[in-house]
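Asker: This structure is in structure tokens; I'll ask about it shortly.
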Amino acid sequence: MRRHGRAFAPWKDSATAQGSFNATVMLEMLRGKRMLFVGDALNRAQYVSLLCLLHRAMPEGSSSFETVDALSIFRAKAYDATIEFYWAPLLAESNADDGVEHQLNDRVIRGAPMDRHSRFWKGADVLVFNSYLWWMTGDKIQILRGADNDMSKDIVEMGAEEAYRLVLHQVVRWLDGNVDPKKSRVFFVTASSTHASGQLWGDEAEGSNCHGQTKPIADASYWGSTSKAMLRVTGEVLGASARVPVGVVNVTQMSEYRRDAHTQVYREQWAPPTKEQLADPKSYADCTHWCLPGVPDAWNELLYWKIFFPASDQAL
């Protein structure tokens, strides 16, 4: 099969092949329930992917969609279910919380209970978190302590790993105090891979990246630039969750191979690509976000497998 002038075939990782996605079964599982994705644009892509996968099994005219500030809500009316996305790229309250105006160089987070965000999370039957990319600027993370009206602005700088650990502990404490593990399921999606440097997979051409790539990386042992230290923090903190088990959906390795699946210059984010960008696609290629349909569909198959074919995870 060919699409857009290139070979195309649905791609499956060995993990996703264990339980093929069934939209009708998923919708029945969500009947009368609320599913909420919380995180950044990669998690939003997984959210949109899931809506597309489910919508094809729904009666025509039986759904609605609305966005209010940081919260997007899809209603599957025939199933009395909602599937939602909440923008919180650093999970903690931060200077990047605006759903539109968040293109900032620095990262400032509030080192305190995340009440402003978590009030939207309460009552969800399925919670799917992610957070990684926004920590990886290479700069220190600024931790703001004190109240909003505190003019002294007590700010402490931390390395990304230390600050990430702090926030994940906040999430775990919130889960343990607000989620009933007998009624709700919680998942955390690991880091999404980027492909901004072809040198990582042996392409020595100057400026090589995801642009023009049409095949996945074939080396099964390939590992790119994803921080193993950050993944270690994820496992250590979430694995120690005292009361509410968190199912880790590990999408990192399966995504590492997909240098060919990014949006490059063909993604309209805030505005269509300019003539300059289209004339020099290698320099302007987006090697972070994914095409849809694409890799996030495979993530949802893996999430589906974690829900319906749990190993250590409890059934919903």
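Asker: Relative contact order for the chain: what is it in percent, counting Cα pairs under 8 Å that are at least 6 residues apart?
Answerer: Taking the mean separation of contacting Cα pairs over the length of the chain, I get 19 percent.
Asker: Further, regarding this structure: Which peptide among 43-55, 173-185, 290-302 comes first, and what is the full order, when sorted by highest mean count of other Cβ atoms within 10 Å?
Answerer: 290-302, 43-55, 173-185
Asker: Which FRET efficiency value, to the nearest 0.05, do you get for Lys140 and Ser283 by plugging their Cβ-Cβ distance into 1/(1 + (r/R0)^6) with R0 = 25 Å?
Answerer: Here the calculated transfer efficiency is 0.35.
Asker: Here is a further query. Looking only at Cβ-Cβ distances, which cysteines of the chain have no other cysteine closer than 4.7 Å?
Answerer: For the chain, the answer is Cys52, Cys291, because their Cβ atoms have no other cysteine Cβ under 4.7 Å.
Asker: To the nearest 0.05, how large is the calculated FRET efficiency for Ala220 and Asp69 if R₀ is 30 Å and r is the Cβ-Cβ distance?
Answerer: 0.10
Asker: Return the sequence-ordered ³J(HN,Hα) values of the stretch 281-288 in whole Hz as given by the Karplus equation 6.51 cos²θ - 1.76 cosθ + 1.60 applied to θ = phi - 60°, using x for Gly and Pro.
Answerer: With the stated coefficients, the stretch 281-288 comes to x, 5, 6, 10, 5, 8, 9, 10 Hz.
Asker: Still on this structure, I have one more. Tell me, in nm to one decimal, what length is gained between Thr274 and Ala196 on full extension, where the rule is 0.36 nm per residue of separation less the Cα-Cα distance?
Answerer: 26.1 nm
Asker: Using 1/(1 + (r/R0)^6) with R0 = 22 angstrom and r between the beta carbons of Lys183 and Phe308, what's the FRET efficiency to the nearest 0.05?
Answerer: The calculated FRET efficiency here is 0.80.
Asker: Something else now. For Lys77 and Phe120, calculate 0.36 nm times their separation in residues minus their Cα-Cα distance, and state this gained length in nm to one decimal. Spell out each step's value before the answer.
Answerer: Details: separation 43, 0.36 × 43 = 15.48 nm, distance 2.05 nm.
In short, 13.4 nm is gained.
Asker: If you don't mind, another one. Starting from 0.36 nm per residue, how many nanometres of slack lie between Glu157 and Asn22 once their C-alpha separation is accounted for?
Answerer: 44.0 nm
Asker: Hey, fewest Cβ within 10 Å first, where do Leu278, Leu71, Leu127 land in order?
Answerer: Leu278, Leu71, Leu127
Asker: So what's the net charge close to Leu71: Lys and Arg +1, Asp and Glu -1, counting the other residues with Cβ under 14 Å from its Cβ? The partial results should precede the final answer.
Answerer: Values: positive: Arg34, Arg44, Arg75, Arg116, Arg119, Lys122; negative: Glu66, Asp69, Glu84, Asp97, Asp98.
Every neighbour counted, the sum reads +1.
Asker: Looking at the chain only, what percent of DSSP beta bridges run antiparallel? Nearest 5 please.
Answerer: That works out to approximately 50 percent antiparallel.
Asker: Restricting to lysines 8 or more places apart or on different chains, can you count the pairs in the chain with Cα atoms under 25 Å from each other?
Answerer: Value for the chain: 20.
Asker: Long-range amide H contacts for Ser63: which residues qualify at under 5 Å (H placed 1.01 Å from N, peptide plane, sequence gap of 5 or more or a different chain)?
Answerer: Amide H neighbours of Ser63, under 5 Å, 5+ apart: Lys77.
Where a number appears in this text, it was derived from the coordinates with a stated rule and is not lab data. As the structure is a prediction and not an experimental result, all values here were calculated from the model. For neighbour counting, all protein chains shown are included, and Cβ atoms are generated from backbone atoms with ideal geometry for every residue, glycine included.
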